[in-house]
1. Scan the helices (runs of 4 or more DSSP H) fully inside region A:382-460 and keep the ones with 1 or more residues being over 16 Å from the mean Cα position of the chain (by Cα), within 16 Å of ligand 2 (Cβ to nearest atom) and away from chain B (no Cβ under 14 Å).
2. Taking residue A:59 and the conditions (1) within 16 Å of ligand 1 (Cβ to nearest atom); (2) open to solvent by 70 Å² or more (accessible area, probe 1.4 Å), which numbered condition does it fall short on, given that it satisfies the others?
3. Could you say whether any residue in region A:269-285 is touching a residue at least 12 places away in the same chain (Cβ under 8 Å), more than 8 Å from every other protein chain (Cβ to nearest Cβ), among the basic types (Lys, Arg) and not in a loop (DSSP other than H, G, I, E, B)?
4. Of the residues A:36, A:51, A:40, which single one is surrounded by 11 or more Cβ atoms within 10 Å (Cβ to Cβ) and more than 10 Å from ligand 1 (Cβ to nearest atom)?
5. With surrounded by fewer than 21 Cβ atoms within 10 Å (Cβ to Cβ) and at pLDDT below 95 as the only criterion, which of B:23, B:2 stands out?
6. Can you tell me which residues in region A:1-52 are within 15 Å of ligand 2 (Cβ to nearest atom), out of contact with any helix residue (DSSP H, G or I) (no Cβ under 7 Å at 6 or more places or on another chain) and not hydroxyl-bearing (Ser, Thr, Tyr)?
7. Got at least one residue in region B:196-208 being under 18 Å from residue B:128 (Cα atoms) and open to solvent by 60 Å² or more (accessible area, probe 1.4 Å)?
8. Under 7 Å between Cβ atoms, which residue pairs at least 6 apart in sequence (or on different chains) link something in region A:1-26 that is over 30 Å from residue A:83 (Cα atoms) and open to solvent by less than 80 Å² (accessible area, probe 1.4 Å) with a partner that is of a type in the set (Gly, Ala, Ser) and not in a strand (DSSP E or B)?
Amino acid sequence: MRNRAASTYIVLRKEDKCTKCRACVEQCTYGVHSYNPAKNVIESKSWLCSNCLRCVEFCPTGALTITRNPNSYRMGHHWNHEAIMDVKRQAETGSALLEGMGCDGPNLTYWDRLLLNACQVTNPPIDPIREPIETRVILGRRPPRVELKPENRRLMLKNELAPYICAETPILLAAMSYGAVNLRVQEAMARAAIECGTYFNCGEGGLHPELRRYGSHIIVQVASGRFGVDIEYLNSGVAVEIKIGQGAKPGIGGHLPGEKVTEDIAMVRMIPKGTDALSPAPHHDVYSIEDLRQLIYALKEATEYKKPVAVKIAAVHNAAAIASGIARAGADIIVLDGVRGSTGAAPKAIRDNMGIPIELALAAVDRRLREEGIRSEVSIIASGGIRSGADVVKAIALGADAVYIGTAALIALGCTLCKMCYTGRCAWGIATTDAELSKRLNLEEGCRRVANLIKAWTMEIKEMMGAMGIDTIEALRGNRELLRGVGLTEGELRVLGIKVAGE
Amino acid sequence: MDLRESLEPRGRLQVDGNVALLDATGLHYRELNALMRRLSAEGVENVELHNVNGQRYIGTGLKRPMNIIVRGTPGNDLGMFINGQRIFVYGNAQDGCGNTMNDGLIVVHGSVGDVAGYAMRGGRIFVRDDAGFRLGIHMKEYGGKKPIIVVGGGAGDFLGEYMAGGLILVLGLKEEKNECVHSPKFVGVGMHGGVIYMRGCTIHAGKNVLVEGVEDEDLKLIRSLVEDYFNHFNLDLRVNDFISDEFVKVTPSTSRPYMGLYR
Ligand code: SF4
Ligand code: SF4
């Protein structure tokens, strides 16, 4: 059955402006535009459009407008356009819905209901332009207390320090695997990380030989599919992250569709070209916290206890208890990825309905670890839906040591959040491994833009810290007094551990 | 005190040229493995471990080639991530034997536990007796690099799950008699590369796999691996007794097991 009447977007072309240059035909990767020589017109199949805006950007005469289709289904609250479209899509294909990027459902963003304190009269603010504000963070396991011993008439640290990494800003670049994105995206991220003194997580698809030179700013990931994992890989970065789950798809694994598995990716992942690369839900050697400990220590043995080991989980109902187990299992860093966490491809049902907001999970984990007296023994990185420097500050005040950003960094590269990543045909040359499409991304420019974003946010963070009279991330971390809530229920305030604004 | 200095005078560690003998009694895996890495860095290429009792990750993190003889019972993740080292176990290995190994050889004169050869990328594992569940899942392969697992006895369920490459051969022998002892379920579930050869048993295979008889080419391969198996374990059996059309071959029927499930 045709399903075009109420296609979500429509392409409007001002015929008087269109010169038939065919730029849109070339730029669109979803086959929306085509040239009809018989009539000498450009025709557009609006129902294929995902509103990625690539054609609009490239139309030299400004002839194109993409707009929401006024022919929507009858407006309902419950049966809204998206719900009806999804049903129609599935009635046609019999398949589960797959989409890229993160959950965009309403009412799941708590950042906007959290407000920060500022200095007035009784406590002095700090001017970040004149006075130093430290945004450096140390990520790793800290000893429960500092013990000193005299040595040659000097006091020396008695504790044996666990390995750690040091970032100049609390913003790290989230895991994006080679396969989900192409090598240029990874290289842009790695170079931006170097420029900003932070780290890029290379994701679960291994690390291409060409990127190994950026190892001093790369965190390598180990997921259930164990793609590209050997002793050299584990030692090529500064830290190792075990991916148990991710916010976009808690409880299920990864699935890189065969279309994206090129020869080069087959080589890095060690799988046949063109086949579906599967990482199942569990690591089949990890069915318990004890097993997790075994994997953590396997990685520590493999890296001779020189690199911190992180464990990433999706924020789920009992994240606090799980995080406690992870800390006790010997992890140096816990990564929490909230319901807004993004992905190259996830079943829509899971992405939009499973897992909880990062704000609530983070606060719960931080509190639980404090109550158990082990908070300082492990670092927390929060991720999933961080959109600004302000979100970063709020995350740290809720208990994070640092954050991972993924979607924001991709937007810096040119992503327009069209959610078509799972097709492997990203028109902006990002979520694609196609050699030609990848060339659409300019490496130098991409690197500069991602670095700019991190620098801009870091500046904002400093300004906000200064306004609160705080000059180190340490003093901000878990500092709930600085937060107040608006429009939150008693229960939400309790979980967040904050007071209502005005109190 | 330095571990080596404490063990040597008591005769628990003897180093002679590139050969070392070590009594592992009471050593934590962290001590044992650190000591082995140190010995390796000092040029030791052959280590015989005695009284091994549950120490994990033996062989992990060694940077140079080493032949390791393990007497006793090694713990989980024996030879995890090894890269060319050779490990000979006189006893049983536990779970995760050869986990994510990249290259080298593991020969177990006994049985192995669950998830042996998980995500194995190269090298070979020979198991004289049986293997537990999930043998050789996620095995990889690329170019000339192809991991191989040969199990003399039976294998547990989910054998070769998610396999992306490599070869698993399960002979199904029992007490050196020509009798089949196993019937694993869900063989090759989610497999998208590689091959499993099994002798005799009824196959309960996963979806998306092909179960066929073997061809001459396969038999040639099987024969050479069976010979290797017999040589490793000094078994006095004639290869020909086992080479017959009893073998079945399991391969993926599709390289896109997830195609069409999502749209
Ligand atoms: S890019 Fe603009 S001017 Fe060129 S063919 Fe398309 S609509 Fe016409
Ligand atoms: S990465 Fe590409 S395909 Fe994915 S949402 Fe962004 S622009 Fe669209």
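1. Correct list: A:435-438.
2. Exception for residue A:59: condition (2).
3. No: zero hits.
4. A:51
5. B:2
6. A:48, A:49, A:51, A:52
7. No, region B:196-208 contains no residue that is under 18 Å from residue B:128 (Cα atoms) and open to solvent by 60 Å² or more (accessible area, probe 1.4 Å).
8. Going by the 7 Å Cβ cut-off, the qualifying pairs are A:18/A:63.
The values are calculated or read from the model by the stated rules, or taken from the named source; none is laboratory data. Remember, predicted model here, so these are calculated numbers, not experimental data. Here the Cβ is made from the backbone with ideal geometry for all residues, glycine too, and neighbour counts use every protein chain on show. With ligands, DNA and RNA removed, areas are computed over all heavy atoms of the protein, side chains included. Shrake-Rupley method; radii C 1.70, N 1.55, O 1.52, S 1.80 Å.
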